[in-house]
1. If you fit an axis through the alpha-carbon atoms of helix 260-288 and take the longest principal axis of the Cα set of the chain, what angle between them do you get, 0 to 90°, nearest 10?
2. Among the listed pairs Lys430/Lys474; Lys53/Lys353; Lys353/Lys430; Lys53/Lys216; Lys93/Lys430, which are separated by more than 22 Å between their Cα atoms?
3. Please give the Cα centre distance for segment 408-469 versus segment 248-268, rounded to the nearest Å.
4. In degrees from 0 to 90, rounded to the nearest 10, what is the angle of the helix 221-255 Cα long axis to the longest principal axis of the chain?
5. Write out the trypsin sites (Lys or Arg not before Pro) in segment 400-468 meeting two conditions: DSSP loop, and at most 14 other Cβ atoms within 10 Å of their Cβ.
6. Under a crude label model (7 Å from the Cα following the beta-carbon direction), how far is Glu452 from Glu438 in nanometres?
7. Could you work out how much longer the chain between Leu248 and Leu506 gets when fully extended? Use 0.36 nm per residue separation minus the Cα distance between them, nm to one decimal.
8. Relative contact order of segment 331-473: what whole-number percent is it, with Cα pairs under 8 angstrom and at least 6 residues apart?
Amino acid sequence: DSLLLEAGSLAVLVAPLRLVSWRLAAWRAHDGVTFWLLRWLLFRLMFASGVVKLSSRCPTWWGLTALTYHYETQCIPTPAAWFAHQLPVWFQKLSVVATYVIEIAVPVLFFAPIRRLRLFAFYSQVLLQVLIILTGNYNFFNMLTIVLAFSLLDEEHVRHWLGRGKRRHTSTSWPPSLWSFLSGLLELSTYCSLLYWSTQYFGLQIDWEKKLLDSKVSFTYHEFSTWLRTVTLPLVGLGFLSLSWEILCAMYRCICVRGCFWKLWATLQWAVFATAAVGMFAISLVPFTYIEHEAHGQLWPGLQRMFSAVERFQLASSYGLFRRMTGVGGRPEVVLEGSYDRQSWTEIEFMYKPGNVSVAPAVVAPHQPRLDWQMWFAALAHHSSSPWFTSFVHRLLQGKKEVIRLVQVDEAQYPFSARPPIYIRAQLYKYWFTSSTEGSPAPWWRRQHVQEFFPTVSLGDPTLESLLSQHGFKPPVPQRPGARGLLPRALRALRGLSRCCPGPALLWALYTVAATIVLLRSFRHRPHKAPTSARHKGPRRGEPGGVGGERNGQLRPRGAAEGHGDGLRAPKKKK
């Protein structure tokens, strides 16, 4: 949610609402400045996510065995997580090494001046997010991260995806230019450095007898802390230099705009958005340096005051995914049970979280089942650490339809749909994925009872009443009358219509409709010829220009006369 809020606030700068569309070009001179903020957000997200795994001193991350537990202990696994869990241990450890490289080393390439290095960083991040999507249900988070990774691309690469890339002459000059030689040498050095330091720091070596690739962490926590202390502020400086370069390039593009009025208008926009970008970058330094306390203390106090002034809006947040691996001794899971006579108990199955050992894990992304998600957190501690759980049991005893629909959208799947249960209790289990060596057909899970999680209660039970009062649910808070405006009534009607539709199906339907509309609009407004703006001295970024150049992916012969809308004069014929 924090990532969604920050990305949404940056989207206001990247793509502001255009109330006046008269003579407004699709490309603006300052676009590179605001688009850079998405790249900086992606860098903070990935770099911090990799660093906190080591700074937490979690033995599974330091022992490179985290993924041997992750697939079965994550909040809501997918069916593919069962298959990933069966992979050999050496491959799981190698996957952890690859995660460290992608999250800590590769993000520095986001600011590389060489285009191919940024493309390498893009595909590395997308590969990691796709693998996470296949093996875990993390709602919209991974898709949003992939969207942020698109800030590493340029127009030429996107045109190549769409089949509209420029067709260049295949002839190459020899010897290559100095810049081509140096960029190629730097690119090769970068790849070799990544491979070399990965081998050194993680002890990668081939065991020919066992036919596997062994790995282990070859540095200490003190060495890692010293390294982190050394690089945190230089990384801030790297970000500042990269942003300054984008601002200077945008200023140069403003100068190249033709016409005094349009030059002044472009410069004004540049000044406003550049100031906003510098401000967003400045306040983001405070949560970013949370990863290293000494670097955080060396920040200018004015930055701390700026961040404190806007902290309630969550314009910038700190990130750190999978800091510690939970469920090392087994996945803790809370199982609710209901009864009419306190003798025979029936388990209450949820739509998405593990329960029945024979039911396959669900695929729910990009939906976020909040209740199933919170049940995973509740199982990690005593029920008193989750006060909402007491109110949840109370509402189930009352038979509240709104709460029951959070458990099962289809009331037929809820065992007490006809009449609420008289008694409810909760048991704590440990769950493990079954092994591929077990006979077929085998259940997906195996489980073992641990202890009682929540005592047996009923309506009016003194234990339940005491817990409700302790957590502030007694006396009941008076409900405010429902709003009677047009928008609230419309939202209630939409909620009623979508009530019978599962969350994942509803979201995918909305995404499909939106993608279809965008695709149809692109075909409708796709011009046959791309006219060159008359307000710019040179061609726009990613657009060909000049006589004898390329256009719409087609070669244009030198000396051919242009149409009237091209903004270029045809060369005069010599007498």
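1. Relative to the chain, helix 260-288 is tipped by roughly 40 degrees.
2. Lys430/Lys474; Lys53/Lys353; Lys93/Lys430
3. One Cα centre to the other: 65 Å.
4. On a 0 to 90 degree scale, this one is about 40.
5. Counting only loop positions with at most 14 other Cβ atoms within 10 Å, the trypsin sites (Lys or Arg not before Pro) in segment 400-468 are Lys400.
6. In this crude label model, Glu452 to Glu438 measures out at 2.9 nm.
7. 88.4 nm
8. 31 percent
The values are calculated or read from the model by the stated rules, or taken from the named source; none is laboratory data. Values in this document were obtained by computation on a predicted structure and should not be read as measured data. Note that we place each Cβ from the backbone using ideal geometry, even for glycine, and neighbour counts take in every protein chain shown. Protein only, heavy atoms only, side chains kept; ligands, DNA and RNA dropped before computing areas. Shrake-Rupley method; radii C 1.70, N 1.55, O 1.52, S 1.80 Å.
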